[in-house]
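Reviewing the structure listed below.
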Amino acid sequence: MSLRAASAGVDTWAPAWRVRVDTPLSRHLEEVATLPSAAGGKLVPQKIAGHRVIYWPGSGLLKAEGHPNESGLAPVRSLPAALEQLVEQLHAAGIPAPHQPRRFDRHNESEGFEGLRRLDLTVDLRADDRHEGRAVLHAVEAAARASGHHAPTYGRRGKPGRTVYISGESGVFGRWYDKGAESGKAAPYRLIRPEAQWNFRQEKSRPAWEDIGDVELMRQRFAKRWGPWMRGRIVVGTMTDLGEELARAVRERRLSPTEARRIAGYLVMEPYGLDGVPLRTQQRLRSEAGRFGFHLVDGVLEPLDVDLGEVLHEAERAELWDAGVVNHTEPPDPSVELRRDMARRLSEKRPNARKPPGEEASGGPLV
């Protein structure tokens with residue numbers, strides 16, 4: 001596997017502030033934010049520096065959600081300056097966010113920067129060919145499904161490309177997706193993006209002012225998002241491949257015939273639910289299948305063998321997060337070269353197509 005990390009940093013964030021309720025500033029924000037929003041909030045009609053700005057008058061919460069770098073991922077080191085710039089643009093738009101660190105007195109009497117309400121830590125991985133990118137996404141789906149972290153995949157309107165959503169008890173906490181196909185900036189499966197997501201509900205868990213530019217802290221946060229269940233060798237294949245692997249394991253005495261039958265039944269039935277099977281039994285079967293290391297995933301046309309630990313090691317390199325961007329040369333896309341060659345051949349067949357008015361095919365002027 002030769003995926004290469006090209007950039008690392010923050011895709012989406014949501015800095016938040018508190019203002020004291022029933023004050024001139026609070027009433028001013030109510031006048032500026034005029035559109036009804038969720039949970040009693042009010043939305044500022046226009047985006048500011050590419051951010052949606054929402055104010056909740058009842059609690060004094062002011063939040064701006066968007067991209068700290070609209071042209072790509074924002075390196076962690078750039079976040080303090082990006083926050084300063086956002087605050088300046090909010091002030092210029094008539095929204096004076098209180099920039100000092102928040103001092104908590106009572107809930108409705110606190111004022112200042114509250115930290116980040118949302119944070120998406122992301123890495124861009126480039127694949128030399130489509131097969132490698134496709135194999136990684138299938139392996140991620142297999143690992144997530146086997147661990148119980150797989151979320152139902154749903155399409156994003158107007159956003160092509162495959163996405164694997166990963167969930168926990170509190171909902172989706174990450175996704176791996178085909179960023180190249182979604183953005184149109186690369187051929188399908190050539191630019192894969194693992195994205196660790198947080199929506200911080202508890203105040204103590206939110207990254208504070210002194211944390212947002214801490215490169216090592218953010219790198220470790222990204223790494224901890226993907227547990228041991230995603231750091232091993234993942235083998236994905238068809239029913240035929242599964243039968244052959246199980247038969248080989250029995251012959252080599254790595255599995256008993258009874259264990260092989262249990263694993264086969266679990267792998268076949270798990271994607272469709274194990275209704276009536278006790279939770280403890282499901283956990284035991286999942287553990288057995290995990291040790292066997294084979295997964296069935298819909299749409300796999302050939303066996304895949306992916307070391308996700310190696311992929312994550314590349315995504316978590318300290319020098320990558322320290323720099324934010326690595327200048328890799330993009331390998332040529334054969335389909336692009338083919339289209340260019342066809343365009344050249346068509347132009348050669350039509351020599352008059354680009355002649356200026358008043359000239360014949362021979363190149364001489366009309367007299």
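Restricting attention to the range 30-53, the residues being among the hydrophobic types (A, V, I, L, M, F, W, C), in contact with a helix residue (DSSP H, G or I) (Cβ under 8 Å, 6 or more places away or on another chain) and farther than 24 Å from Gly184 by Cα number 3.
Number of residues in the range 170-189 that are within 15 Å of the chain's Cα centre (by Cα) and buried (at least 20 other Cβ atoms within 10 Å of the Cβ): the value is 9.
Tell me the residue from Arg262, Arg286 that is charged (D, E, K, R), surrounded by 15 or more Cβ atoms within 10 Å (Cβ to Cβ), over 30 Å from Arg225 (Cα atoms) and at pLDDT 60 or above, please. Just one listed residue meets the conditions, Arg262.
For Val87, state whether it is of a type in the set (A, V, I, L, M, F, W, C), under 20 Å from the mean Cα position of the chain (by Cα) and over 16 Å from Phe200 (Cβ atoms). So Val87 fails the test.
Is it true that some residue in the range 53-64 is over 19 Å from Arg206 (Cα atoms) and modelled with pLDDT of 95 or more? No, that holds for no residue.
Identify, from the list Arg102, Arg18, the residue that is surrounded by 14 or more Cβ atoms within 10 Å (Cβ to Cβ), more than 30 Å from Gly133 (Cβ to Cβ) and modelled with pLDDT under 90. Steps first, answer last, please.
Working: Arg18 fails: modelled with pLDDT under 90.
Of Arg102, Arg18, the one residue that is surrounded by 14 or more Cβ atoms within 10 Å (Cβ to Cβ), more than 30 Å from Gly133 (Cβ to Cβ) and modelled with pLDDT under 90 is Arg102.
Restricting attention to the range 265-280 and to residues that are loosely packed, with under 12 Cβ neighbours inside 10 Å and farther than 17 Å from Ser147 by Cβ, the residue that is modelled with the lowest pLDDT turns out to be Tyr272. Among all residues of the range 48-65, there is at least one that is in contact with a His (Cβ under 8 Å, 6 or more places away or on another chain) and within 17 Å of Trp209 (Cα to Cα).
With the structure loaded, tell me whether Arg77 is surrounded by fewer than 19 Cβ atoms within 10 Å (Cβ to Cβ), touching a helix residue (DSSP H, G or I) at 6+ places or on another chain (Cβ under 7 Å) and of a type in the set (Lys, Arg) or whether it fails that test. Here the answer is yes, as Arg77 does meet what is asked.
The values are calculated or read from the model by the stated rules, or taken from the named source; none is laboratory data. All values derive from a computational prediction rather than experimental measurement. Cβ: placed from backbone, ideal geometry, glycine included. Neighbour counts: every protein chain shown.
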